[in-house]
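Asks: Shown below is the structure under consideration.
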Amino acid sequence: TPAQAARRELLEETGYAAADVEMLGPMNAENGRLTNQLWTCFARGVHRVANPETGIEVLVYSMAELAQATLNGEFCHAPHGGSVVLALLHGKLKLAG
């Protein structure tokens with residue numbers, strides 16, 4: 001399932017394991033050119049258990065830091081931003097105050 005794949009990829013790529021992974025829904029990456037879908041999942045109880053995959057730098061942000069990184073153009077990959085918005089709409093995250 002997408003949730004199982006998300007759990008596996010989270011561990012492989014970042015070295016973090018999740019106590020629970022909930023599927024929030026699908027999104028289309030680029031409707032104009034591609035037909036593939038990506039699935040947004042929300043992970044709870046995340047903790048580091050291993051090193052990340054070689055060549056990957058893991059960045060950890062508070063919501064306030066994420067908001068600032070988005071405004072600064074540092075967090076600017078559209079599918080990631082869309083996933084954050086979907087998590088906000090599902091009530092899984094709260095905007096930084």
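Asks: Residues in region 48-97 that are in contact with a strand residue (DSSP E or B) (Cβ under 7 Å, 6 or more places away or on another chain) and either more than 23 Å from Ala29 (Cα to Cα) or part of a helix (DSSP H, G or I) (or both): how many? First the steps, then the outcome.
Replies: Initially, region 48-97 is screened for residues in contact with a strand residue (DSSP E or B) (Cβ under 7 Å, 6 or more places away or on another chain), giving 48-49, 79, 82-83, 86-87, 90, 92.
Next, from what is left, pick out any that are either more than 23 Å from Ala29 (Cα to Cα) or part of a helix (DSSP H, G or I) (or both): 48-49, 79, 82-83, 86-87.
Result for region 48-97: 7.
Asks: Please state which one of Glu53, Glu65 is touching a helix residue (DSSP H, G or I) at 6+ places or on another chain (Cβ under 6 Å) and either open to solvent by 80 Å² or more (accessible area, probe 1.4 Å) or of a type in the set (Lys, Arg) (or both). So that I can check it myself, show each step before the final result.
Replies: On the way: Glu65 fails: touching a helix residue (DSSP H, G or I) at 6+ places or on another chain (Cβ under 6 Å).
It is Glu53.
Asks: Inside region 21-55, can you point out the residues that are farther than 17 Å from Leu86 by Cβ and touching a residue at least 24 places away in the same chain (Cβ under 8 Å)?
Replies: Selection gives Gly45, Val46, His47, Arg48, Val49, Ala50, Asn51, Pro52, Glu53.
The values are calculated or read from the model by the stated rules, or taken from the named source; none is laboratory data. The shown structure was predicted, so the numbers you read here are calculated from the model rather than taken from an experiment. A quick note on method: Cβ atoms are made from the backbone with ideal geometry, for glycine too, and the neighbour counts reach across all protein chains shown. The accessibility values were calculated without ligands, DNA or RNA, using every heavy atom of the protein model including side chains. Shrake-Rupley method; radii C 1.70, N 1.55, O 1.52, S 1.80 Å.
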